Each structure stands twice: as structure tokens, then as C-alpha cells.
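Read-outs throughout are calculated quantities, based only on the coordinates presented, and are distinct from any laboratory measurement. These figures come from a predicted structure and were not determined experimentally. Glycine also receives a Cβ, built like all others from the backbone with ideal geometry; neighbour counts cover every protein chain displayed.
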Amino acid sequence: MKLPPLKALPVFEAVARLNSFSLAAQELAVSQSAVSHQIKQLETYLGEQLFWRSGRTLALTDDGRQYLDAISTALLQIERASEQLLGHEESRLRLSLFSSFAVRWLVPRLPDLQRLHPQVELALEMSSENPVLSDRVADCFITIHRDSPAYSYELLYVERLFPVCSQDYWQRIQRELGWEADVTGHDEPVLTAGDIARFPLLSTHSIYDKAAGDWEAWFRIADDAIPVGTRVQHFSHMLLALEAARFHQGIALTNDYMLSTRKDSEEFVRLPCHPLVTGDTFYFAWKTSRRQERGIQILRRWLVGQAIEGGLRGEVA
């Protein structure tokens, strides 16, 4: 078995992760010259330059980035295997996921994970966009893309959007539409696209990456368009639009996980009208080469169980 200078591998990983020779030296408790020596030794062995150096600027080369992706997983596996033999049962995992999914769905459920699996130490890395699947970013992910063949994926949720407003605003809608009379014993009235357009629409730009894109898609389901003159208020994030709806500012489009856990979900009314399937599917993703790691499999089973129990995912996907 022909191996590279093994002492140089954790040094290379630290320099690449911290993007600094001096910070890597501090973390490893060695001199900066020792770090430089180990990197030079590794580059000589490989016959490739791993870093571009220009003054104080340091960056991985393409070869360095490819090598980092490969050896990071190997180093993590060595660490996990050693901890198991030493009797250290703790599993430290970094989970990267969308901020809205984290705040509205995952965080309220974490006490259950800690109670059932106290050996799993979970650090959350929130992202406003779909996370890049890489060991440098996190150990596992909640993502809407399945574009990396190096990863395995488990279905959590197929997204759909539906209109909601506050309890007080629902009373206003009923008054303005003349629905205040007692309808006991009658079918629940259904809001049409025209009814919805009479009220301010709270739009989330990030869903379709265009102004009012979410409401345009919702109106298309009804073979309609947003009427000219409809008031649309724009927000960058669904969390903001939902907060505006909470404070009686209009009607927002939201999804199941945003209202699945928090007690304040009772402050909202899901309006009686059609939903919109966005085409986004949420998956739990982990590197296939790390599939035997106990912590990842514990987290996978727990997340799937929570998704089924909370109604995001059916028993059979």
C-alpha cells in the first residue's frame, strides 16, 4: 500500500478549511513553518500544486479542491472509527438546511431528538439557498436537488403552497365578501381567484426568483392572471411574508412545514381555495461513502419518522 505522508493530511485539511497557514498552525498547536513544511512535502509527493499563493491571498487550486473533497471524507471516517473503538459514542454532525425549514420545522423538534438520541450532537448550518453538497460545508444536508452522484437521498417532503391569513384578517375577508351569515349545515364556501385578488397579496420573491412569481403561479392554476390593480407587497423570504400575514397585512402563500409545529400556527387560517405544487422536493442527503456512520443513520431515521408523523411525508413514498 503506497500512502502519502500521513502527518501532512490533517495539516492540509486545516489549511484548506481555515484558508490560512497561520490559523492552521494555531489550531494544530505547531509553528507556521512546520505547517508550510508539511504542505510542501505533500505537494512534492503528489507532484501537484495544492494552493495558489499571492501575497497574503491563499486559495485552493482545482487539484487541491478535488484532493480535499476526497481526503476530508477519509479523515472523518478514521476519526469516527477511532472514537467507536475508544468507546466514545458521541456523534457530532453538521446539518446544512434552509433557514425557514430550520426555524419553523426542525428547531421545535430538536428536544425530541435530544431525548431519544442524546449521543447525537447536532450543529445547524442555515442557508438561504440550496446548500452545496460537500464535506467542507456539512456532514449531511436537507436539499431540494439530487444532482450529486456521490450522495444518497431520502424523501422528506413534496412542497405545496396555499393561501393563509391571520384569524382577524379572515373575519375581515368574510365581512367584505358577505359571508357573515350563519352557514351551519351548508357546505363551506370556497374562495375564487377573483375573491383572493380583492385583498393585498404578500409575495415571497425567493420561491420563484421573480417579483410576484409565487402568486402568478397560483393564479395560473385557476387559468387566471393577477388582475391589474391588485395590491402586491413583496418580501425576500417566506418567513417575512408569514410575519406580515400574522399582523393582518394581507394574504400570504406558505407551505405545510411552516405551519406544522409552532403553537403560533393557530393564529393563521388556511383559506378555502386551491393549493399550488411548486415542484420542489425536500430530501435528507448524506455522502454514500459515509453510509455506515451511526450518527448519520440515526439522524436519517429520526427525520423520516418526524416527517411521517407530522404529515409531510406519507408512509410509502
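The candidate values are (i) 0.98; (ii) 1.04; (iii) 1.10; the one derived from this structure for Rg/Rh (Cα atoms, Kirkwood Rh) carries the label (iii). Dipole check for the stretch 8-84: with +1 at the C-beta of Lys and Arg, -1 at the C-beta of Asp and Glu, and the Cα centre as origin, the magnitude is about 260 Debye. Comparing P275, T57, T143 along the charge dipole axis of the chain, the residue lying farthest to the positive side is T57, per the Cβ-charge model. In sequence order, the stretch 156-172 has phi-based couplings of 10, 6, 9, 6, 9, 10, 8, x, 9, 8, 6, 4, 5, 5, 5, 5, 5 Hz under the Karplus curve 6.51 cos²θ - 1.76 cosθ + 1.60, θ = phi - 60°, and Gly or Pro positions carry x.
Per residue, the chain reaches -11000 deg cm²/dmol at 222 nm when only DSSP H runs of four or more residues are counted, each adding -39500 (n - 2.57).
Three principal axis extents describe the C-alpha atoms of the stretch 206-278; from largest down they are 35, 21, 21 Å. With a cut-off of 19 Å on the backbone N, the residues of the stretch 260-304 near the modelled label site 7 Å out from K210 along Cα-Cβ are 276-280.
Order of M258, M1, M126, M238 from fewest to most other C-beta atoms within 10 Å?
Details: M258 22, M1 2, M126 16, M238 25.
Least crowded to most crowded, the residues run M1, M126, M258, M238.
Taking 7 Å steps out from each Cα toward its Cβ at L23 and E267 produces label points 3.8 nm apart. Dipole magnitude for the stretch 181-317: about 920 debye, using +1 per Lys or Arg Cβ and -1 per Asp or Glu Cβ, origin at the Cα centre.
Check cross-link reach from K2 to the lysines: straight Cα distance under 23 Å, and skip same-chain residues fewer than eight apart. Within the straight-line cut-off, K2 pairs with K40. The string of couplings for the stretch 49-61 from the Karplus curve (6.51, -1.76, 1.60, θ = phi - 60°) is 7, 9, 10, 8, 10, 9, x, 8, 8, 10, 8, 5, 6 Hz, one whole number per residue in order, with x for Gly and Pro.
Let me spell out the model: positive unit charges on the Cβ of Lys and Arg, negative unit charges on the Cβ of Asp and Glu, origin at the Cα centre of the chain. What dipole size does that give, in debye rounded to 20? Walk me through the numbers before you get to the answer.
Details: 33 positive and 41 negative charges, 216 e Å.
Dipole magnitude for the chain comes out near 1040 debye.
Where does helix 32-46 land angle-wise versus the long Cα axis of the chain, in degrees 0 to 90, nearest 10? Taking Cα atoms only, the helix is inclined about 90 degrees.
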